[in-house]
1. Can you give the convex hull volume per residue for the Cα atoms of chain A, as a whole number of Å³?
2. Comparing B:P109, B:P14, B:P41, which has the greatest mean-square fluctuation in the GNM of chain B with Cα pairs linked when under 10 Å apart?
3. On a straight-distance basis, which aspartates and glutamates could pair with A:K113 in a cross-link, Cα separation under 18 angstrom, same-chain partners fewer than 8 positions away excluded?
4. For segment B:43-97, what percent of Cα pairs sit more than 15 Å apart?
5. About the Cα centre of chain B, how large is the charge dipole given +1 on each Lys and Arg Cβ and -1 on each Asp and Glu Cβ? Please answer in debye to the nearest 20.
6. Please compute the length gained on full extension between B:K13 and B:K63, using 0.36 nm multiplied by the number of residues separating them and subtracting their Cα-Cα distance.
7. Which of these, A:A90, A:A57, A:A40, has the largest mean-square fluctuation under a Gaussian network model of chain A (Cα springs below 10 Å)?
8. How many Cβ atoms of partner chains, on average, are near each residue of A:30-43 if near means within 10 Å of its Cβ?
Amino acid sequence: DIVMTQSPDSLAVSLGERATINCKSSQSVLYSSNNKNDLAWYQQKPGQPPKLLIYWASTRESGVPDRFSGSGSGTDFTLTITTLQAEDVAVYYCQQYYSTPYTFGQGTKLEIK
Amino acid sequence: QVQLVQSGTEVKKPGASVKVSCKASGFSFTTYYFNWVRQAPGQGLEWMGRISAYNGNTNYAQKFQDRVTMTTDTSTSTAYMELRSLRSDDTAVYYCARSGSGYDNWFDPWGQGTLVTVSS
């Protein structure tokens, strides 16, 4: 199974500042057939299901604000939120969909400082 | 619009079974896979398995292999997840989520979740 490890577990950032969340996979999730990384990022607010933010490591889902961006390749990935807004308080998860069993990182809780 | 609507809260006794439904609308049901993900109270996301609505093929996480059955009903565009021999540590919110059948295997959308409580 591919193990996904996020860092940090929690993060407090001031409004208007940048938040950075890291995700590392235990093996590469770069799919050679299309040269894309099978890595997604989700946002989960209390009492709600997860919401897709980013797929293929860096492609923003339609309707997601452009302050959210994803980067990385192979085994190391980053979710960056520039200009943090109050509504961005949530738990963020990375997920690999390269192979089953699909696996998630443990989550990173983002709060306002 | 594209959405998944799940069945309501369940309370079960240890040893019982639960069957959760996930009704799809707004898209072609048989084009996709349906995944089941659970989240224990205060915990992270755990993938349980998936089913192809096209041909019924399933992939189950090894942890649940002996206790879970995933099915679909194409006539009603509904996916089902049955979990047997329930234990207290099966208490969780269970989500269904759609994924593609090609390169597009990310999860979107998700159902609203179904709380299953296992208690004597």
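Bear in mind these aren't lab numbers, they're just calculated from the coordinates by the rules spelled out. Fair warning: this is a prediction, and the values are worked out from it, not measured in the lab. Every residue, glycine as well, gets a Cβ built from its backbone with ideal geometry; the counts of neighbours run over all protein chains shown.
1. 94 Å³
2. Most flexible of the set in this elastic network: B:P41.
3. Excluding near neighbours in sequence, the set is A:D9, A:E17, A:E87, A:D88.
4. So the portion of pairs separated by more than 15 Å is 50 percent.
5. Magnitude of the dipole: close to 260 debye.
6. 15.9 nm
7. Answer for the Gaussian network model of chain A: A:A90.
8. Counting other chains' Cβ atoms within 10 Å and averaging over A:30-43 gives 2.
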